[in-house]
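A.B. asks: First, the structure itself, so that you have it in front of you.
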Amino acid sequence: MNVKITSFEQLKKSFKLTKEEEAYSGGNNSLPVSITSHFLSLIDENDSGDPLRKQVFPTVNEEVEEAMEYIDPLAEVDHSITSRLVHRYKSRVAFLTTDICPMYCRHCFRRRFTGNMVGPAKKDEIREAAEYVGNHKEVTEILLTGGDLLTLSNSQLDFMIKTFREKAPSLIIRICTRMVITAPERIEEELLSIFMKYNSAPFYLLTQINHPRELCKESIEAISKFINMGIPAMNQTVMLKGVNDSVDIQEELANKLLFNRIKPYYVFQGDLVSGTSHLRVNLGDTIKIEKELRKRVSGLAMPAFVMDLPQGGGKVPLTDCYVKEHIGKKWIIETLDGEKREYPDTY
Ligand SMILES: *Cc1c(COP(=O)(O)O)cnc(C)c1O
Ligand code: SF4
């Protein structure tokens, strides 16, 4: 289907919805409904359980509020320096460039902010943030995130990157975007030339790809353009029920990413964001998948499984514990196959 869906009404008219999708009524805290024509073209219309569909078709389950859920589980507001600059970790900051995305993911963890239609950061907000990172030498990296950074026009992007580069020329910039898979046609020469212009420090491309089918010919090409310019690509995946909560899918995804020169960086356990419980995977299952995946894929293809702890606790790795015991001067360590080995202290 070669249309862009921009409202639930339009989605209803264009697709045969399931009962749960049909019953969606929007409501407070709800993300807008928007699906790009490119992403729609990858969805199998005849499969109501399609893993791509599940990421973007709203359902009535979004209206369920569970105990222990939050609208801002990472307490980003508490760690905000300005309304757009989050300084949670000493060496890096996140700048919320815009709240707009070409397509809204139903699992979005930044629902408090995303899709409020406030728009891109104003010039003054950019200057203020650049001033801050320039004055905080401990900050070595900035994440340009949102929303989706690449919804900005080329001239807005040019201004933003120029301003950060002027105040902090050696700051590593992470370009955090899903546009390479939601609207790969956005990755054109003029856009890429902006990154070429301000190359006083490295850029890294951070994508969010959750299922191997999202990596189609067009998106692989779009990502390759960054890599061919010397911008390494890393991927972050969100663990999602019915989308990628199986070892086979995670294995296929990790290998496909690696083959296309995209380093599998993180797999995130779902945050406790209101309205996303139906997409969350049990923590025990995530840890099992991590353990099995580690046996199957190469070290290069293996992402770190992490969880952003509630109430702003920050990210921690999620992995089974292999170092079992420290008895006397000996460590007891388990192999991936569950056997025991010993390792002595040297003093
Ligand atoms: C995840 C995150 C970062 C980056 O963390 P890394 O572990 O370096 O990828 C920075 N700031 C915020 C607020 C984050 O949530
Ligand atoms: S692209 Fe990112 S910010 Fe935008 S809706 Fe999806 S998860 Fe949220």
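The values are calculated or read from the model by the stated rules, or taken from the named source; none is laboratory data. Remember, it's a predicted structure, so these values are computed and weren't measured experimentally. So basically every Cβ, Gly included, is an ideal-geometry build from the backbone, and we count neighbours across all protein chains shown. With ligands, DNA and RNA removed, areas are computed over all heavy atoms of the protein, side chains included. Shrake-Rupley method; radii C 1.70, N 1.55, O 1.52, S 1.80 Å.
A.B. asks: Being farther than 30 Å from GLU128 by Cα, aromatic (Phe, Trp, Tyr) and within 16 Å of ligand 2 (Cβ to nearest atom): is that true of PHE95 here?
C.D. replies: When the stated conditions are applied, PHE95 does not pass them.
A.B. asks: Taking the criterion of being over 13 Å from THR182 (Cα atoms) and over 25 Å from the mean Cα position of the chain (by Cα), would at least one residue in region 25-43 satisfy it?
C.D. replies: Yes - at least one qualifying residue is present in region 25-43.
A.B. asks: Also, I was wondering about something else. Which one of the conditions (1) within 16 Å of ligand 2 (Cβ to nearest atom); (2) open to solvent by 10 Å² or more (accessible area, probe 1.4 Å); (3) more than 20 Å from LEU149 (Cα to Cα); (4) of a type outside the set (Ser, Thr, Tyr) does GLY275 fail to meet, given that it meets all the rest?
C.D. replies: Here GLY275 meets the rest and fails (2).
A.B. asks: Which residues, taken from region 316-328, are part of a strand (DSSP E or B) and either closer than 16 Å to ASP245 by Cα or in contact (Cβ under 8 Å) with a residue 12 or more places away in the chain (or both)?
C.D. replies: PRO317, LYS324 - these are the residues of region 316-328 that are part of a strand (DSSP E or B) and either closer than 16 Å to ASP245 by Cα or in contact (Cβ under 8 Å) with a residue 12 or more places away in the chain (or both).
A.B. asks: Let me ask something additional. Only one residue in GLU66, GLU125, GLU131 is away from ligand 1 (no atom under 14 Å from the Cβ), assigned to a helix (DSSP H, G or I), surrounded by fewer than 17 Cβ atoms within 10 Å (Cβ to Cβ) and over 22 Å from the mean Cα position of the chain (by Cα), so which one is that?
C.D. replies: Answer to the selection: GLU131.
A.B. asks: If you don't mind, another one. Going residue by residue through region 144-154, is there one that turns out to be away from ligand 1 (no atom under 16 Å from the Cβ), farther than 21 Å from GLN208 by Cβ, more than 16 Å from the chain's Cα centre (by Cα) and open to solvent by 40 Å² or more (accessible area, probe 1.4 Å)?
C.D. replies: There is at least one residue in region 144-154 that is away from ligand 1 (no atom under 16 Å from the Cβ), farther than 21 Å from GLN208 by Cβ, more than 16 Å from the chain's Cα centre (by Cα) and open to solvent by 40 Å² or more (accessible area, probe 1.4 Å).
A.B. asks: Please specify each residue of region 169-198 satisfying the condition of being in a loop (DSSP other than H, G, I, E, B) and touching a strand residue (DSSP E or B) at 6+ places or on another chain (Cβ under 8 Å). Full working, then the answer.
C.D. replies: Filtering region 169-198 down to residues in a loop (DSSP other than H, G, I, E, B) leaves 169-171, 177-178, 183, 187-188, 198.
Result: LEU171, THR177, ARG178.
A.B. asks: Let me ask another. Any idea how many residues of region 85-102 are more than 8 Å from ligand 1 (Cβ to nearest atom) and open to solvent by less than 10 Å² (accessible area, probe 1.4 Å)?
C.D. replies: So the count comes out to 6.
A.B. asks: Does region 30-47 hold any residues that are acidic (Asp, Glu) and either in contact (Cβ under 8 Å) with a residue 24 or more places away in the chain or under 15 Å from LYS12 (Cα atoms) (or both), and which are they? Talk me through it step by step, then tell me what you get.
C.D. replies: Filtering region 30-47 for residues acidic (Asp, Glu) gives 44-45, 47.
If the condition is that a residue be acidic (Asp, Glu) and either in contact (Cβ under 8 Å) with a residue 24 or more places away in the chain or under 15 Å from LYS12 (Cα atoms) (or both), then GLU45 is the only one that fits.
A.B. asks: Suppose we keep only residues that are open to solvent by 90 Å² or more (accessible area, probe 1.4 Å) and touching a helix residue (DSSP H, G or I) at 6+ places or on another chain (Cβ under 9 Å) within region 299-342. Which one would you say is modelled with the highest pLDDT?
C.D. replies: Step by step, filter region 299-342, then rank; the result is LEU300.
A.B. asks: For region 104-147, which positions are basic (Lys, Arg), farther than 19 Å from VAL273 by Cβ and out of contact with any Phe, Trp or Tyr (no Cβ under 9 Å at 6 or more places or on another chain)?
C.D. replies: Within region 104-147, LYS122, ARG127, LYS137 qualify.
A.B. asks: Here's something else I'd like to know. Just the residues that are within 15 Å of the chain's Cα centre (by Cα) and either assigned to a loop (DSSP other than H, G, I, E, B) or farther than 14 Å from LEU240 by Cβ (or both), please, taken from region 281-306.
C.D. replies: PRO303, ALA304, VAL306
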